[in-house]
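Q: Please find one structure pasted underneath; my questions will follow.
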Amino acid sequence: MKGHPDLQSLGPNIPIEQWTLVDAVQMQAKSYGEKEFLAFENGETLTFAALDQLTDQLASGLQELGLGPGDRLLGLMTNSRDFILLMIAVHKRLAIFVPINTELKGSFLQHQVENSEPLIVAVDEDLLNRFNEIDLPTLGIKQILLVGKGQKLEFNSNLNRGIPTTNIETLTNSPINSSAIVSPTPQDVCTIMYTSGTTGPAKGVLMPQGHCYLFALGTVAAMELTEEDRYFCCMPLFHANGLFMQVYASLLAGCSAYVTKRFSVKSWLDTVIDQEATVTNALGVMPEFIFRSSPSPRDQLHKLTRIMAIPVAEEWGEAMEERFGVALRQGFGMTEVNMVAYSDPDDPVIAGCAGPPLSDFFKVIIADPETDRELAVDAIGEILVRPKEPFFFNLGYFKMPDKTVEAWRNLWFHTGDAGRIDSEGRLFFVDRINDRIRRRGENISSYELEQALNQHPDVTESAVIGLKVEGAGGEDEIKAVVAVSGRHPDPVTFLDWCTPRMPRHTIPRYLEFVSELDKTASGKVRKQAIRDAGVTKSTWDREAVGYLPARD
C-alpha cells in the first residue's frame with residue numbers, strides 16, 4: 001500500500017497557520033493569473049486573478065450594506081459564478097456564508113432561515129417567491145441580494161415588499177475599499193452547512209476556515225490532482241462535495257473545473273467528452289446510475305481517468321472501471337468531520353473500502369454504539385472520530401447545543417455510521433446505524449439488500465428500512481420502497497424473483513412501488529420520511545395475503 005502523501009506538501013505554498021480559502025484565492029491569483037479557473041454551462045468563466053479581484057470588489061459592496069464579522073449571509077442559489085464570488089467575498093468580510101438547498105420551501109426553508117439568523121439573503125431571482133410566506137423583517141433580515149439578470153427586483157407578496165433589494169451585479173462592480181478586506185485565520189467560522197435532515201430537523205454545521213481548506217486539500221491528495229487536470233462538477237455547490245472537494249480542490253491544485261447546475265445521467269458522458277474532463281465525483285446513486293446507463297461506443301472516448309465514487313458496490317465496481325476505462329476512488333466523511341479517509345490508489349476497487357484514515361489529522365475508531373468502547377479488528381460498530389489538529393473539524397451545531405453535546409458523547413464525534421477497520425488499517429463503511437436491520441437474529445445491511453433489489457430488470461432504485469411492528473418480538477420487519485420503470489409489477493411475482501437471489505430472512509415483508517424515490521439534492525434518499533410513514537395504504541403486506549418465501 002502506498003498510503004497517503006504528506007498533505008502539507010500539496011497545494012499552494014501556505015503554512016498550516018494560514019490554511020484559509022481566502023489565503024488560497026490570493027496565493028493562486030498570483031501564481032496562475034489569467035489562467036481559467038472555472039467555466040459554467042451558461043458560458044461564463046472565471047480566471048484565478050478575476051476570482052481575487054471580483055471578490056475584493058464584492059466584499060467592498062457588502063461592507064457598504066453593513067455585513068461585518070460574524071454576520072450571516074444566507075444563499076438560496078443554484079450553481080453559478082455568483083455563488084463562488086459571493087462565498088469568498090463573505091469570507092473576506094470575516095462573515096459567515098450559509099448556502100442552503102435550493103429545493104427548500106415552506107417549513108423546511110423557514111427552519112433554516114430562522115436558525116441561521118442571516119443579516120442578508122442572496123437568492124436566485126427565479127427562487128425569490130420561496131420567501132413570500134416568510135416574514136423576513138421580523139427575523140432581522142435587512143437586505144435581499146438578487147442573483148440573475150435583474151429583471152425581478154421585488155417580492156410578489158406584501159409581507160416582504162418593503163425589504164431593500166439589490167442586484168448582486170451592482171455590488172460586484174463596487175470600487176475596492178481596502179478596509180473591507182479582512183484576513184481570516186483557520187479557526188474563524190466561515191460557513192454553515194445544513195445536514196440533509198434525513199434523521200431529524202436540519203442542523204447547521206459550524207465550519208471554520210481550516211476545516212473547509214482541509215476538505216479541498218484532502219481531495220488534491222486522494223485524486224492526485226495536478227494543474228493539468230480538469231474537474232467536472234455536476235453536484236450542488238451547497239454541498240461540501242461539490243463546493244470544497246471539487247471546486248476548491250481545483251483551486252488548490254491550480255487546475256480548471258467545469259460546473260453544471262445539476263447531474264444528468266443522459267448528458268454525463270457527452271459533457272465529460274466535450275469538456276475534456278480528467279476527473280469527477282459521483283455521490284450516492286450517481287455512480288450506479290452512470291454504470292446502468294445504456295452502453296455507448298463513446299464510453300471510452302474521453303480523457304477521464306479518475307472518479308471519486310461513494311459508495312461503490314461489488315456488483316458493479318470493477319465492471320464500471322472496465323467499461324469506462326477509469327479508476328474509482330472512495331472515501332469516508334461527512335460535513336461535520338471532513339473527509340477522514342480515502343482509498344489507497346494502489347489498492348484495487350473494494351466495495352465499501354474508504355481506505356486508511358488521514359492519520360496526521362484524525363483518530364478514527366470503531367466502537368460499540370451503546371457503550372462507546374473500542375471494538376476489535378474487523379468488528380462492525382459505529383465510526384467515531386477525533387481531530388488531531390485544531391480547527392480542521394466542525395465546531396458544533398449552530399444554536400443547537402444539545403445536539404452538539406449528543407454528537408460529542410465521551411469526547412468522540414459520533415458519525416451515526418456503521419463500519420469496520422481491517423487488519424491493514426483500512427476503514428470500511430457498512431451502513432448508517434439507523435439503517436441497519438435486525439431480523440431473525442441477523443444484522444441486515446439495507447445497502448446490500450437495496451443492491452440486490454436493484455438487479456431486477458424493472459427496478460431503477462430502491463430504499464429499504466426496518467420497521468418495528470406489533471408481534472415482531474422486538475425485531476424489525478423489512479419494508480422496501482421500490483422505484484420502477486413503467487407499470488408496477490405484481491408483488492407476488494416480484495417476491496418470487498427475489499427469493500432465489502437473497503437470503504430468506506432478508507425478503508421484504510412490506511413492498512411499496514413508486515415512480516421515483518424522494519431524495520435530498522445531494523442524492524440521499526429521505527429514509528426517515530419512509531420510517532415515519534410506516535405501513536401506508538399503498539403498502540403491500542405479504543403476510544396479509546399468506547405469501548411465504550420458498551425455502552431452498
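Q: Restricting the stretch 418-431 to residues that are buried (at least 18 other Cβ atoms within 10 Å of the Cβ) and out of contact with any Leu (no Cβ under 9 Å at 6 or more places or on another chain), which is modelled with the lowest pLDDT?
A: D431
Every residue, every condition in (1) part of a loop (DSSP other than H, G, I, E, B); (2) under 20 Å from the mean Cα position of the chain (by Cα); (3) over 22 Å from S250 (Cα atoms), yes or no:
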residue	(1), (2), (3)
N281	no, yes, no
I290	no, yes, yes
Q300	yes, no, yes
L304	yes, no, no
A309	no, yes, no
E314	yes, no, yes
M320	no, no, yes
M339	no, yes, no
D344	yes, no, no
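Q: Let me ask another. Criterion first (at pLDDT 95 or above and more than 16 Å from A309 (Cα to Cα)) does R262 satisfy it?
A: No.
For every residue, the table says whether it meets (1) modelled with pLDDT of 95 or more; (2) within 12 Å of L427 (Cβ to Cβ); (3) crowded, with 18+ Cβ neighbours inside 10 Å.
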position: M320; (1), (2), (3): yes, no, yes
position: Q330; (1), (2), (3): yes, yes, yes
position: G355; (1), (2), (3): yes, yes, yes
position: A379; (1), (2), (3): yes, no, no
position: E382; (1), (2), (3): yes, no, yes
position: F393; (1), (2), (3): yes, no, yes
position: K399; (1), (2), (3): yes, no, no
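Q: If the requirement is being surrounded by 12 or more Cβ atoms within 10 Å (Cβ to Cβ), under 25 Å from R292 (Cα atoms), in contact with a strand residue (DSSP E or B) (Cβ under 6 Å, 6 or more places away or on another chain) and touching a residue at least 40 places away in the same chain (Cβ under 8 Å), which of these qualifies: V484, V525, V469?
A: V525
Q: Let me ask something additional. Considering only the stretch 330-380, state which residues are touching a Cys at 6+ places or on another chain (Cβ under 8 Å) and not small (G, A, S).
A: Q330, D347
Q: OK, next. I'm trying to understand the selection: among the residues of the stretch 401-417, which are surrounded by 14 or more Cβ atoms within 10 Å (Cβ to Cβ) and under 22 Å from P201 (Cβ atoms)?
A: Within the stretch 401-417, K403, T404, A407, W408, F413, H414, T415, G416, D417 qualify.
Q: Among the residues in the stretch 68-91, are any surrounded by fewer than 20 Cβ atoms within 10 Å (Cβ to Cβ) and assigned to a helix (DSSP H, G or I)?
A: No, the conditions are met nowhere in the stretch 68-91.
Q: How many of the residues making up the stretch 1-36 are closer than 19 Å to H91 by Cα and touching a strand residue (DSSP E or B) at 6+ places or on another chain (Cβ under 9 Å)?
A: Qualifying residue count, the stretch 1-36: 5.
Q: Which of the residues spanning the stretch 27-46 are polar (S, T, N, Q), farther than 12 Å from I84 by Cβ and surrounded by fewer than 22 Cβ atoms within 10 Å (Cβ to Cβ)?
A: S31, N42
The values are calculated or read from the model by the stated rules, or taken from the named source; none is laboratory data. Predicted model only: the values in this text are computed from it and were never measured. Note that each Cβ is placed from the backbone with ideal geometry, even for glycine, and that neighbours are counted across all protein chains shown.
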